[in-house]
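All remarks here apply to the structure that follows.
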Amino acid sequence: MLYSLLKKLLFLRDPEIAHESALRLLSGLQDSPAGSALLRALAGRVSTAPVQTMGLEFAHPLGIAAGFDKDARCVLALQELGFAFLEVGTVTPRPQPGNPRPRLWRFPEAEALVNALGFPGEGMEAVRVRLDSLRESGVLRIPVGVNIGRNKDTSGDQAASDYIEVLDHLHDVTDFFVVNVSSPNTAGLRDLQAVDKLRPLLSALMEHNHARGAKPLLVKIAPDLADDDVIAVGRLARELGLAGVVAGNTTIRRDLVPRAAVLDRGGLSGAPQFPRAVELVRLLRSELAEHQTLIAAGGISSSDRLARVLSLGADLAGVYTAFIYLGPRCVKQLLKT
Ligand SMILES: Cc1cc2nc3c(=O)[nH]c(=O)nc-3n(C[C@H](O)[C@H](O)[C@H](O)COP(=O)(O)O)c2cc1C
């Protein structure tokens with residue numbers, strides 16, 4: 001009720017300005033006991049269904065996917081809203097402004113978004129300071145992972161050093177890492193998904209990760225990969241002993257939402273992605289070892305959809321777009337059976 005009013009107001013505004021307003025509101029509320037209590041009340045009572053995976057404890061399988069809180073500004077608010085885990089980022093070594101605006105579009109008729117943000121963010125040091133202070137104060141009750149990427153102005157052949165830099169810098173403040181090689185908004189990034197490029201990148205990251213006392217490390221893929229390539233990444237993840245795979249990122253397909261067809265850039269997220277998300281879970285579950293973690297993402301917008309990916313073998317699920325359309329009751333609505 002309250003969110004339907006707030007949503008009407010937010011949806012009157014440019015999507016990116018609305019997002020910034022929502023982040024400010026959430027980070028303001030999380031700073032006071034009354035604000036935190038309000039967030040809990042808005043979320044409603046969330047049922048638990050504990051999951052143990054990657055050596056971590058999750059109160060239930062639903063978390064918030066990367067991109068909503070790129071700079072770890074409202075981690076506690078998202079915790080109060082009932083999410084069982086959070087992926088902050090994508091975090092790059094240096095701050096950067098991202099792509100020119102406009103770069104975020106809503107398609108409410110399809111419960112979809114298109115974004116061409118290109119990793120705007122404050123860079124790894126700002127994220128380190130925030131996560132460090134959260135961990136020091138002992139207020140975190142949920143696993144918080146860091147999704148890592150490279151700066152726009154880093155050339156393709158130097159990409160590995162950006163990923164390694166972020167991994168090293170944030171190693172002691174994260175619960176797990178997700179290596180993002182699948183965003184469509186940084187030129188050349190998705191080329192890293194080809195196994196001949198992915199193998200050296202992931203091997204180098206695993207080496208650094210081990211040297212520092214291994215944290216679970218997953219790779220995030222695009223739903224646009226051909227099935228054979230999805231299988232190849234699954235096999236590589238198994239061979240290299242990764243903690244798992246996140247599947248997947250936004251899609252460059254434009255046929256899924258007629259009104260989005262005119263956009264010549266960006267990645268589409270939300271409800272129309274779901275059939276492909278299901279296929280990715282099927283393909284990957286049969287390639288990954290049982291102990292490896294599969295995090296499903298892409299159009300998980302209802303409790304039936306969440307139940308479906310879990311029944312097919314996903315251990316956890318991440319949402320972004322459904323949170324925009326459903327608001328603070330998102331977790332409660334998706335977890336109800
Ligand atoms: C506005 C926006 C920004 C995003 N930014 C990132 C990002 O920085 N890194 C990343 O790995 N995924 C990013 N994503 C992708 C989401 O994490 C998720 O994989 C994708 O949207 C599919 O899930 P959904 O249908 O629940 O939104 C972004 C998605 C949206 C809508």
Worksheet entry | the chain: most fluctuating residue of Ala22, Ala261, Ala314 per GNM, C-alpha cutoff 10 Å | Ala261
Worksheet item: Using a Gaussian network model of the chain with C-alpha springs under 10 Å, which one of Pro97, Pro184, Pro33 is most mobile by mean-square fluctuation?
Response: Pro33
Worksheet item: Taking the alpha-carbon centroid of each part, what is the distance from the stretch 95-169 to the stretch 181-259 in angstrom?
Response: 16 Å
Fill in: Ratio of the Cα radius of gyration of the stretch 190-238 to 2.2 N^0.38 Å, where N counts its residues
1.19
Fill in: Longest to shortest principal axis, alpha-carbon extents of the stretch 74-193, angstrom
41, 39, 24
Worksheet item: From Cα coordinates alone, what are the radius of gyration and Dmax values for the stretch 132-242 in angstrom?
Response: 14.4, 46
Practice prompt. With a point put 7 Å past each Cα toward its Cβ, work out how far Ser137 is from Lys336 in nm, to one decimal.
Written response: 3.3 nm
Worksheet item: Where a Cα-Cα gap under 25 Å defines reach, which lysines qualify for Lys197, not counting those fewer than 8 residues away within the same chain?
Response: Lys152, Lys215, Lys220
Item to complete: For an R0 of 25 angstrom, estimate the FRET efficiency from the Cβ-Cβ distance between Ile17 and Ser47 and round to the nearest 0.05.
Response: 0.15
Practice prompt. Excluding residues fewer than 8 places away in the same chain, name every one of the aspartates and glutamates whose C-alpha is closer than 15 Å to that of Lys70.
Written response: Glu16, Glu20, Glu87, Glu122, Glu125
Item to complete: Pull out the extension gain between Lys8 and Ala187, defined as 0.36 nm times the separation in residues minus the alpha carbon to alpha carbon distance; nm, one decimal.
Response: 61.0 nm
Item to complete: In Å³ and rounded to a whole number, note down the convex hull volume per residue for the Cα atoms of the chain.
Response: 121 Å³
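Just want the ordering: Thr186, Thr48, Thr53, Thr174, from fewest to most Cβ atoms lying within 10 Å of their own Cβ.
Arranged by neighbour count, lowest to highest, Thr186, Thr48, Thr53, Thr174 become Thr48, Thr53, Thr186, Thr174.
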Worksheet item: With the radius of gyration and the Kirkwood radius both derived from the Cα set of the stretch 232-337, what is their ratio Rg to Rh?
Response: 1.00
Item to complete: Return the single residue from Ala260, Ala66, Ala247 with maximal mean-square fluctuation; model: Gaussian network over the chain, springs between Cα atoms under 10 Å.
Response: Ala260
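Throughout, read-outs are computed from the coordinates displayed, never taken from laboratory work. Since this is a predicted model, take the numbers as computed values, not measurements. Quick reminder, even Gly has a Cβ in these numbers, built from the backbone with ideal geometry, and neighbours come from all protein chains shown.
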